[in-house]
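Laboratory data are not the source of any read-out in this text; all were calculated from the coordinates shown. For clarity, every value in this text was computed on a predicted model and none was experimentally measured. Because the Cβ atoms are built from the backbone with ideal geometry, glycine has one as well, and the counts that use them run over all protein chains shown.
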Amino acid sequence: MDLAELSDRTEIAAVLTRYTRAIDTGDFDRLDTVFTPDAAIDYTESGGIADAYGAVKPWLAEVLPAFFPKRMHTLGQVDVELVGDEAVVAAYFHNPMPMVAEDGTEKVVEFGGIYHHRMVRTADGWRSRELREEIVWKRT
């Protein structure tokens, strides 16, 4: 592995971190540094939507705080396949989120899965052109 590949992998890892931090902190404008403007995003396996980034970003900002006021991702192993200025990335995640149950108590909903990104090198650095969330397990 040469220095350029190490640098690319480090930058891609930073994109993944920016994504989880943006979601977890509610700083949804930070997602502009994660996705290309024309990115396709698919959250259907977790009950969400599949659409272009421009539609998904406001949906996240409205829905996540309403249902899950607290969010916390942990990323695990990350597999990166680099081919020139593109990369196929699979990142394991664990995402527990407390929510208020119908009886007023707090319960934790947990998702475990894999984020599948197709990333591209842009003038502003690596960005995700496509994200598909694969849910491997869910606990409520």
Apply the Karplus curve 6.51 cos²θ - 1.76 cosθ + 1.60, θ = phi - 60°, to the phi angles in the stretch 93-101 and return the couplings in whole Hz, x for Gly and Pro. 9, 10, 9, x, 9, x, 8, 8, 6
Note to self, the chain gives a 222 nm [θ] from helices alone (DSSP H runs n ≥ 4, -39500 (n - 2.57) apiece, / all residues, nearest 500) of -9500 deg cm²/dmol
Restricting to aspartates and glutamates and to Cα separations under 13 Å from residue 57, and discarding same-chain partners fewer than 8 apart, the set is 27, 29, 32, 38, 42
Can you give the relative contact order of the chain as a percent, counting alpha carbon pairs under 8 Å and 6+ residues apart? 23
Cross-link partners of residue 138 among aspartates and glutamates (Cα-Cα below 12 Å; sequence separation of 8 or more within a chain): 45, 110
Residues listed by number, the stretch 16-46, amide nitrogen under 12 Å from residue 99 label point at 7 Å toward C-beta: 46
